[in-house]
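What follows is a single structure, written as structure tokens, with notes after it.
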Amino acid sequence: KLGMAYKKDDNFGEWYSEVVVNSEMIEYYDISGCYILRPWAMEIWELLKEFFDAEIKKLKLKPYYFPLFVTENVLQKEKDHIEGFAPEVAWVTKSGKSDLEAPIAIRPTSETVMYPYFSKWIRSHRDLPLKCNQWCNVVRWEFSNPTPFIRSREFLWQEGHTVFATKEEADEEVLQILELYRRIYEEFLAVPVSKGRKSEMEKFAGGLYTTSVEAFIPNTGRGIQGATSHCLGQNFAKMFDITFENEKGERSMVWQNSWAYTTRSIGVMVMTHGDDKGLVLPPKVAPIQVIVIPVPFKDADTTGIKGACESAVYTLNQAGIRADLDARENYSPGWKYSQWEMKGVPLRIEIGPKDLANKQVRIVRRDNGTKVDIPSTDLVEQVRVLLDGFQANLLETAKAKRDACIVIISTWDEFIAALNDKKLILAPWCDEEEVEKDVKARTKGELGAAKTLCTPFDQPDLPSGTVCFASGKPAQKWSFWGRSY
Ligand SMILES: O=C1CCCN[C@@H]1CCCn1cnc2cc(F)c(Cl)cc2c1=O
Ligand SMILES: [Mg+2]
């Protein structure tokens with residue numbers, strides 16, 4: 001498909017849905033909220049997984065796979081764990097024509113699947129720490145507007161579930177994993193995120209505290225949770241009787257964490273970098289980093305040009321650069337340029353008669369459209385420099401755009417004005433849940449209510465006497481507020 005019908009700044013929702021389809025990442029499916037992930041998306045997921053899996057293996061995580069299904073009574077194990085979530089649980093009630101004696105749930109997350117077995121496997125301190133990670137799909141039958149990658153009824157994720165003898169070990173790991181999530185977003189997806197702590201109201205109800213990396217989409221003025229790392233405290237240890245005998249022979253409850261990132265991360269990247277020509281891929285996650293296109297000229301040396309293209313691809317591949325050749329006879333160079341721009345390939349190399357004669361190649365950047373002629377002898381070095389510059393440019397540009405959306409406010413009127421202006425709001429807050437609820441109530445509307453996104457670890461100084469923007473009470477902290485996905 002050539003060209004985009006929608007512009008990013010005119011109709012963001014339609015633009016996004018067109019980009020993910022035209023770039024061949026997504027195919028829509030005949031069940032609402034479900035999408036086909038095509039190779040152009042799965043190859044990105046696999047590149048992220050390659051990094052993350054290697055990093056958690058360094059932290060001694062072990063790979064597991066637990067069943068997709070969980071019985072009703074196990075899922076209901078603890079009322080407050082699943083309160084509010086019940087409507088989104090998908091149930092299997094029949095096999096063939098006959099009913100199952102008891103309905104079986106499809107996992108929306110795996111705490112209740114795993115923790116009865118953690119209780120069985122952990123007896124002594126020698127069984128700790130237990131470090132379990134699984135790469136899988138989960139199902140949550142959400143009803144709010146489904147969006148490819150961002151909000152789907154089935155999605156892929158990794159879920160880490162770790163068990164420690166002490167709170168100190170758990171606290172430390174929460175932040176180690178959060179840093180990996182920051183790296184996923186900033187070093188690979190080139191998406192700026194803020195590390196912070198969720199409020200008591202926004203945290204995972206079953207846990208002790210929740211940390212997250214928060215991104216922001218300037219076009220919609222909405223925050224979006226990028227990934228989450230919870231300390232569960234001893235809540236699930238109590239629920240599932242996960243105890244161990246310590247060195248002194250005393251029985252005590254374990255301390256646990258759980259953490260996840262999902263295929264939503266791909267959608268955040270698309271929204272952040274895409275433009276009116278389609279996808280723009282950060283080189284670190286581009287399935288093809290360089291596409292080489294022969295530009296034949298009527299009677300010019302076509303075989304020579306093709307040969308130069310093939311050797312360019314070979315040389316780049318030998319250097320570990322993901323390069324490919326588009327030698328299709330049935331498409332013009334111009335058509336190919338548009339198609340690979342739509343797919344967001346960072347660099348395009350054109351080789352025509354002049355380039356062949358001058359022993360050079362023309363390289364075109366997808367992010368800023370600049371063209372540069374490179375001697376073929378310098379190819380690998382220059383491509384590396386260009387890819388690194390491309391990656392850095394994407395993050396810097398996205399950071400500047402995000403920062404331009406941040407507004408520091410001190411009064412309610414300023415808050416409402418910033419909210420209506422699609423800003424990411426940094427506001428002094430008294431840290432009272434009642435106030436958080438009140439802000440939600442007072443900002444309800446078809447665009448959704450404002451909420452706390454996180455309290456950033458990186459706190460600006462809070463002059464004494466600063467009052468909460470919503471309650472007028474003494475402010476305890478700076479928090480990010482805004483509408484969200
Ligand atoms: O966020 C993570 C990291 C990885 C492991 N899980 C936690 C908490 C998940 C919260 N959560 C999120 N969604 C849920 C939906 C449900 F239908 C039910 Cl029954 C439970 C939940 C639920 O507990
Ligand atoms: Mg949910």
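The values are calculated or read from the model by the stated rules, or taken from the named source; none is laboratory data. Not measured: the values here are computed from a predicted model. Here the Cβ is made from the backbone with ideal geometry for all residues, glycine too, and neighbour counts use every protein chain on show. Each accessible area value is taken on the protein alone, full model and side chains, heavy atoms only, with ligands, DNA and RNA left out. Shrake-Rupley method; radii C 1.70, N 1.55, O 1.52, S 1.80 Å.
Of the helices (runs of 4 or more DSSP H) contained entirely in region 346-457, those carrying at least 3 residues that are basic (Lys, Arg) fall at 379-405, 433-442. Among residues of region 277-303 that are within 22 Å of ASP388 (Cβ to Cβ) and open to solvent by 10 Å² or more (accessible area, probe 1.4 Å), those with a Cβ under 7 angstrom from a residue that is assigned to a strand (DSSP E or B) and of a type in the set (Asp, Glu), sequence gap 6+ or separate chain, pair up as ILE288/ASP324.
Being within 23 Å of ASN145 (Cβ to Cβ) and small (Gly, Ala, Ser): is that true of GLY482 here?
Considered against the rule, which asks whether it is within 23 Å of ASN145 (Cβ to Cβ) and small (Gly, Ala, Ser), GLY482 comes out as yes.
Return yes or no: is GLN134 within 13 Å of ligand 1 (Cβ to nearest atom), open to solvent by 40 Å² or more (accessible area, probe 1.4 Å) and either within 16 Å of the chain's Cα centre (by Cα) or more than 19 Å from TRP255 (Cβ to Cβ) (or both)?
no
Taking region 416-454 only, how many residues are open to solvent by 20 Å² or more (accessible area, probe 1.4 Å), touching a strand residue (DSSP E or B) at 6+ places or on another chain (Cβ under 8 Å) and within 16 Å of TRP478 (Cα to Cα)? Selection size over region 416-454: 3. State which residue pairs qualify: first residue more than 16 Å from THR228 (Cβ to Cβ) and in contact (Cβ under 8 Å) with a residue 60 or more places away in the chain and inside region 151-178, second residue within 15 Å of ligand 1 (Cβ to nearest atom) and in a loop (DSSP other than H, G, I, E, B) in any location, beta carbons under 7 Å apart, and separation of 6 or more residues or different chains. Matching pairs, first to second residue: SER152/GLY33; ARG153/GLY33; ARG153/ARG140; ARG153/TRP141; ARG153/GLU142.
Within region 250-270, being open to solvent by 10 Å² or more (accessible area, probe 1.4 Å), in contact with a Phe, Trp or Tyr (Cβ under 9 Å, 6 or more places away or on another chain) and more than 16 Å from ligand 2 (Cβ to nearest atom) holds for ARG251, SER252, MET253, TRP255.
The residues on offer are GLU159, GLU142, and the sole one that is in a loop (DSSP other than H, G, I, E, B) and either within 16 Å of ligand 2 (Cβ to nearest atom) or open to solvent by 60 Å² or more (accessible area, probe 1.4 Å) (or both) is GLU142. Here is the figure for region 105-116: residues that are within 13 Å of ligand 1 (Cβ to nearest atom) and either in a helix (DSSP H, G or I) or of a type in the set (A, V, I, L, M, F, W, C) (or both) total 7.
Only one of the numbered conditions (1) modelled with pLDDT of 95 or more; (2) over 15 Å from the mean Cα position of the chain (by Cα); (3) more than 15 Å from ligand 1 (Cβ to nearest atom) is violated by ASN145, and that is (1). For region 357-387, taking the residues that are touching a residue at least 12 places away in the same chain (Cβ under 8 Å) and among the acidic types (Asp, Glu), the one that is nearest to HIS273 (Cα to Cα) is identified as ASP367.
Residues that are open to solvent by 60 Å² or more (accessible area, probe 1.4 Å) and in contact with a Leu (Cβ under 7 Å, 6 or more places away or on another chain) occur in region 402-415; there is at least one. Residues that are within 16 Å of ligand 2 (Cβ to nearest atom) and touching a Lys or Arg at 6+ places or on another chain (Cβ under 7 Å) within region 77-111 comprise GLU88, PRO108, listed in sequence order.
Only residues that are acidic (Asp, Glu) and free of Cβ contacts under 8 Å to residues at least 40 places away in the same chain were counted in region 87-143, giving 2. Selection of region 276-302 for residues being of a type in the set (D, E, K, R), over 32 Å from the mean Cα position of the chain (by Cα) and not in a loop (DSSP other than H, G, I, E, B) yields an empty set. Check region 241-249 and report whether any residue there is modelled with pLDDT of 95 or more, away from ligand 1 (no atom under 16 Å from the Cβ) and farther than 20 Å from GLU169 by Cβ. Yes, because at least one residue in region 241-249 is modelled with pLDDT of 95 or more, away from ligand 1 (no atom under 16 Å from the Cβ) and farther than 20 Å from GLU169 by Cβ.
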